[in-house]
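The values are calculated or read from the model by the stated rules, or taken from the named source; none is laboratory data. These numbers were taken from a predicted model, which means no experiment stands behind them. Cβ: placed from backbone, ideal geometry, glycine included. Neighbour counts: every protein chain shown.
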Amino acid sequence: MKHLPDFLLKNPVFTAFSDSDLEEASRLASTRSYLKGEKIILYGDVWAYLLLVKNGVIEAVKESGEGRVLRVASFGAGELFWGMAFFHDEAPMPVTLEAREDSSLYLWARQDILPLLFRNGKASWELSRLMAGRMERASEILEGLAFHPVAGRLARLLLENFDTAGDAAISRHLTLDEMAAHIGTTREMVCRALYSFSDKKLIEVTRTEFVLTDRKGLAQMVERG
């Protein structure tokens, strides 16, 4: 892990570490690899670790008693996440963590990394800022689920994907089930909304991609929520 200190410096929490503590954090890290779809930790388990994504994508997922899935958040290379028990003794995980694609993680046990955080006060501040940002994002998700109809949530998801791609066409890399999980609904509702968008000439749905034909109209679907 000789290059790990340089990788850690890409994250604001670790930039606050002294050189000696950065080296110590690198020495204490363990590495784990997961295949696409593999579970890292399950909802309800006690898991007192801090994780940093080395490569790949990790998703936080909630599942209802009826089997409906909501993808709460995703974390890519260089991003941090933690188990609830990292901050509160014996606190269970509120989500399941799974690999969205083949992924590798750096992990620190609570008892190993806490002394370094305590010695580097600004690191704790940066971790608090990160937590505040995650809480804000969680609030936005809850607001969307509570006040935006399925069509509005799906329109927002599509627009975000068009913006990320920087193009008026995006490949259908998400299945109906995955799209439903992102917006907290069922695949049937997603299918209905997609064909409604198509009928309204907001998007064109092909076998391999979605083509944006009316950005303003799709944005209005979001605003109506």
| message | Within the range 137-148, does at least one residue satisfy the condition of being buried (at least 19 other Cβ atoms within 10 Å of the Cβ) and of a type outside the set (Gly, Ala, Ser)? | response | yes
| task | Please find, among Glu160, Glu136, the residue that is under 23 Å from the mean Cα position of the chain (by Cα), modelled with pLDDT of 85 or more, within 18 Å of Ala73 (Cβ to Cβ) and acidic (Asp, Glu). | result | Glu160
| message | Looking at Ala48, Ala99, Ala73, Ala123, can you tell me which residue is crowded, with 19+ Cβ neighbours inside 10 Å and under 25 Å from Arg187 (Cβ atoms)? | response | Ala99
| query | Which ones in the range 1-30 are among the hydroxyl-bearing types (Ser, Thr, Tyr) and closer than 14 Å to Asp112 by Cβ? | reply | Ser26, Ser30
| field | One residue from Ile183, Ile203, Ile170 being at pLDDT 90 or above and outside the structural domain of Val61 (by TED's automatic domain parsing) | value | Ile203
| remark: When the range 81-110 is checked residue by residue, the ones that are over 11 Å from Ile41 (Cβ atoms), free of Cβ contacts under 8 Å to residues at least 40 places away in the same chain and part of a helix (DSSP H, G or I) are Phe86
| query | What number goes with the only condition from (1) without any contact (Cβ under 8 Å) to a residue 40 or more places away in the chain; (2) in contact with a Leu (Cβ under 8 Å, 6 or more places away or on another chain); (3) assigned to a helix (DSSP H, G or I) that Ser128 does not pass? | reply | (2)
| In this structure, does Leu70 turn out to be within 16 Å of Ala123 (Cβ to Cβ), outside the structural domain of Ala181 (by TED's automatic domain parsing) and either of a type outside the set (Val, Ile, Thr) or out of contact with any His (no Cβ under 8 Å at 6 or more places or on another chain) (or both)? | no
| field | Filtered residue count, the range 163-214, keeping only those that are over 26 Å from the mean Cα position of the chain (by Cα) and aromatic (Phe, Trp, Tyr) | value | 2
| note | From the option list Leu28, Leu50, Leu70, single residue qualifying as under 14 Å from the mean Cα position of the chain (by Cα) and touching a residue at least 12 places away in the same chain (Cβ under 8 Å) is Leu70
